[in-house]
1. Taking neighbour Cβ counts within 10 Å as the exposure measure, how do B:162, B:86, B:181, A:189 sort from fewest upward?
2. Taking Rh as the Kirkwood radius computed over C-alpha pairs, what is the Stokes-Einstein D of segment B:289-331 at 37 °C in a medium of viscosity 0.692 mPa s, expressed in µm² per second?
3. Taking H as built 1.01 Å from N, whose amide H comes closer than 5 Å to the amide H of residue B:161, not counting residues under 5 places away?
4. Give me the net charge of residue A:208's neighbourhood, meaning all other residues with Cβ under 13 Å from the Cβ of residue A:208; Lys, Arg count +1, Asp, Glu -1.
5. Before rounding to the nearest 500, sum -39500 (n - 2.57) across all DSSP H runs of length at least 4 in the protein assembly as shown and divide by the residue total; then give [θ] at 222 nm in deg cm²/dmol.
6. Enumerate the calculated ³J(HN,Hα) couplings along segment B:128-140 in order (Karplus 6.51 cos²θ - 1.76 cosθ + 1.60, θ = phi - 60°), each rounded to whole Hz, writing x wherever the residue is Gly or Pro.
7. Hey, what D do you get for segment A:185-276 in µm²/s if you plug the Kirkwood alpha-carbon radius into Stokes-Einstein at 4 °C and 1.567 mPa s?
8. Relative to the compact globular guide of 2.2 N^0.38 Å, what is the alpha carbon radius of gyration of segment B:211-291, as a ratio?
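Only the coordinates and a few stated rules stand behind these numbers; no lab work does. The structure displayed is predicted, hence computed values, not measured ones. So basically every Cβ, Gly included, is an ideal-geometry build from the backbone, and we count neighbours across all protein chains shown.
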Amino acid sequence: MRLINEARTRLALMARSWGQNLLRTHLARQVAWLMAVAAGWEALARASVYPPILFPRLSDVLATLVTEMRTGEILARTGWSLGTICTGVALAVAISIAAAGIALGIRPLRPLVDALLNVLHPLPGIAVLPIFLLWFGTGAPAVLAVVVFSCIWPMVQNLLAGLEAVPRTQIEVGRNLGLRRARLILFVLIPASLPYALAGLRLAWARGWQTAVAGEMVFGAGGGDGGLGWFIYKRRFFLEIPAVFAGMLMIIIIGILVEHVVFGTLERLTVRRWGMSRAE
Amino acid sequence: MRLIGIEATSPGGDGQWWARKRLFAEAAVIALALAVLIAPTSALLSTRVSAARQPLEKIRIAQQFGLVYAPLSIARELEIFEKHGLQVEWRQLGSGAAINEALIAGQVDVGFMGIPPFLIGWDKGVPWKVAVGFGEVPIMLITYRKDIKSLTDFTSKDRIALPSPGSVQHLLLGMAARRELGNAKALDSLLVAMAHPDGMAALLARRGITAHFTTPPYAFELLSQPGFHAVLTDRQAFGGRFSFNVGVVTKQFHDSRPQAYRQFVAALTEAMNWLETHKKEAAPLLAPEFNLSVEKTYAYLTWPGVHYTVEVRGLMKFARFMYENGFIRNMPASLDDLVWENARALVPPGEE
């Protein structure tokens, strides 16, 4: 009885604090701020102190986004960008796993992987684009190559860090349970290093996305096979500034979706379920 | 609403007061942020007001490099703008789009651009018109591929490099595609946007792009290579002469500073005419800036199809094509929609 009463009061307290805090949660505050900025944008545009053609109203931008979605162009471009980035990230993951395996499996090669990592990690993908354009030709292949390039290094770094951070005791316990090479890797090393791997994947995705859009904008890929970067680039030359902003909004929307839905789900299904991450 | 109910029945009075105070604090921070956003506006306004008259009229001109811009270099060398009572502030800008944006934002008074980008701006309601023509140069679509003799020979695997979407080159390609392939946008899926030097390098390396739609001196360099040939020329595409660039002046400058406007037109006309009639004398003045030998500079200045003239050609013809093929949404009623009053006389009869 006492227990039930206690539970009831606690529940009531929780409900009340939930109610009071709804407007004060971090997310709600972020949304409130965004609304304030949006309102400021709209007001500033309506005051038309800046030339409207360079500083369009937010409402025009949203209307353009809807129209572009209806005609399908922006969706086709988004699909193309996502295709490039997913292919690039997948290739980068495969290469990174191989590289991490080599670095840890073949001792003499470890300094080679570390050296490559130290030398090439600081190089932004976009900076190697001119060379890749000469090697792979203009357009899709070069953009894909820079995406792979910019994704590999954060992945490798995180994989190595993760695998090295696995506590000795966990490995020893695995050994004592009779796990040998393949099963030890599969059941101990990989799950134990997964938070690092996920962090690496997150970084890789972010860098890949930035690089793909930037690459298409600097060297404008091609009308038939261009992603969101090419969309923005093209619209700028036709002075369709609301469409330029719409392209940027699309990038933001995809970014938020991937961050919260894709990576959020991945984490919930793995590291958080296994109690390895306290992140809320 | 439910939240307020819970708040009201809760006994914690102090907490409520504190919460309200914090709410005020947050509102204040947001207001401050908005103020920071808006502050640059007033700064912009005050600089506009303070642009007062001075003995030597100040004018801000956007420029790029290249043979097309030779008249501006000549005017600088011979101090022609100063002679006409103008003090020029040169603004070096990287691309056509940057020049358009600088004009729209009121950061420059005069910019030079191709007719299509000018019309795109006009279509979007940018308050600007053409003050002068700014020369004619040959433009050619060049390839190294022997099997490509006309636009019908391009396949979906080929790539055509040109400076940007909506450029003169893009529209010329559209005109030819309309005639030869039946659709102005038939080749749009092959486009690659590249600055002239990058496009030339890629074509010379024979990597990635099949053809490059470019202007002198890049076109001349490419054609001097064995096996390179022109698939399409501007004359074939357009069916006549047209101004490669036009000098565009904003309404703001034209209306508020008529004196400076007249001085600018007179000075540029003088520089242009001097260059057209003194190419021999001009070559050594221009050679260092273009990093070319005097002989080569002279050869480029006198190339067939290069005309340094302030005459304005092809405005309405471009407008009609762009309107009929969906590049712009409005059709100018007459030339007067597109040119300032002095430029009406610069349009030769039959070449609107």
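1. B:181, A:189, B:86, B:162
2. Using the Kirkwood radius from Cα pairs, D works out to 244 µm²/s.
3. B:192, B:210, B:211, B:212, B:213
4. Value of the local net charge: +1.
5. For the protein assembly as shown, the value works out to -19000 deg cm²/dmol.
6. Ordered by residue, 3J(HN,Hα) equals 8, 9, 7, 9, 8, x, 9, x, 10, 9, x, 10, 9 Hz.
7. In µm²/s, the coefficient rounds to 85.
8. For segment B:211-291, the normalised Cα radius of gyration is 1.53.
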